[in-house]
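All remarks here apply to the structure that follows.
Read-outs throughout are calculated quantities, based only on the coordinates presented, and are distinct from any laboratory measurement. Note that the structure is a prediction, hence the values are computed from the model and not measured. Ideal geometry is used to build each Cβ from the backbone, glycine not excepted, and the neighbour counts take in all protein chains shown.
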């Protein structure tokens, strides 16, 4: 498992690096095909390759394991911070978010495939663009998981060892503001200051935050203007709004659109570009049932765990919003994602794989009995 993890972490695979993402899925494809597991590829020039693999030749109403091959790190990061293992932890770009989960899913699929005629109907899906809200992969996710008995997203287990039973949804956007340039001294009143208008919008976006309802709004980047003595003709804001309940989505989208279209400074204009969105992962009766199965499987594998909420978004929100029982954070334990301090607990690889493999089998059997 460590060998495959090191191979994957050593490949740069930022979301828009289609060659890098494809190299990761190719390495997984080679691993699975060498073990007699059938795979299917989906190619997109902009995002690379998604891979779907099944533990049995024909799979109806499967249990699906998901994981994304992309990271947030640019090309060259794997050479600058090469994969290493020290004091029981693995380090490197994407080691826990989420190449450790890819390793887990590949090994579980291999293990299930050895069951012969008793093989559990399981599918693993390795996607390309989760870090930018899965603009291409989401259709493949929905098609693959339609009618699935259960979905397990092998994002890293929390540093506490917990799994994830609920996640935020999120809307990720850019507001582009247009004003009119002028000399800031000799002709000040002829100008329309786009930077000042953007500042009003920053405060308005920040004002969406309602911690009591679990809503956070972050105007995370702002820029514009040309020089201190020119009334700024252009500016931009990039931000996000995160929320816990799908019931809040329409209202929050409307509020973002209102802020973009309503300008404080006369003559200023702005346009809204929504460049990514995840639905929230909300707990359901089905996911609570899966949680109980996982707890028992974890105990059988020698550890205890609980479920918790995560403010981060993931592909688990897609399947949960489609009404499919879903658990997330069932990968190996790790932390400090999206930073140079990112790590994975080596000793968690085998027991977390055992717990998930048994959960997949028991979830499939439980649903089959219920049918």
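Some points to look at:
- Mean ellipticity per residue at 222 nm, deg cm²/dmol - from DSSP H runs of n ≥ 4 across the chain, formula -39500 (n - 2.57): -10000 deg cm²/dmol
- For region 179-258 versus region 280-307, the inter-centroid distance based on Cα atoms is 41 Å.
- 0 to 90° range, to nearest 10: angle between helix 285-300 axis and the chain longest Cα axis: 50 degrees
- Residue 187 paired with residue 41, simple spin-label distance in nm, labels 7 Å along Cα-to-beta-carbon: 5.8 nm
- Cα gyration tensor shape for region 88-168, rounded if a/c is under 1.5, else prolate or oblate: oblate
- Sorted by Cβ neighbour density within 10 Å, fewest at the top, the residues 291, 201, 49: 291, 49, 201
- Were the residues from residue 285 through residue 251 laid out at 0.36 nm apart, the gain over their Cα-Cα distance would be 9.7 nm.
- Estimated distance in nm for a label pair at residue 221 and residue 339, the labels positioned 7 Å out from Cα along Cα-to-Cβ: 2.0 nm
- Cβ-based exposure ranking for 222, 237, in which fewest neighbours within 10 Å come first: 222, 237
- Listed values (1) 1.76; (2) 0.96; (3) 1.10, entry calculated as Cα Rg over 2.2 N^0.38 Å: (3)
- Residue 61/residue 2 FRET efficiency (R0 41 Å; Cβ-Cβ; nearest 0.05): 0.75
- Of all DSSP beta bridges in region 56-154, antiparallel share, percent nearest 5: 25 percent
- DSSP-defined antiparallel bridges as percent of all bridges, the chain, nearest 5: 75 percent
- Taking label positions 7 Å along the Cα-Cβ direction at both residue 139 and residue 178, the computed distance is 3.0 nm, reported to one decimal.
- Of the peptides 100-111, 242-253, the order by per-residue mean of other Cβ atoms within 10 Å, starting with the highest, comes out as 100-111, 242-253.
- Applying 1/(1 + (r/R0)^6) with R0 = 41 Å to the Cβ-Cβ distance of residue 228 and residue 304 gives a FRET efficiency near 0.10.
- Take each peptide in 296-308, 17-29, count the other Cβ atoms within 10 Å of every residue, and average; sorted highest first, the result is 17-29, 296-308.
- Folded to 0 to 90 degrees: helix 100-113 orientation relative to the chain principal axis, Cα: 30 degrees
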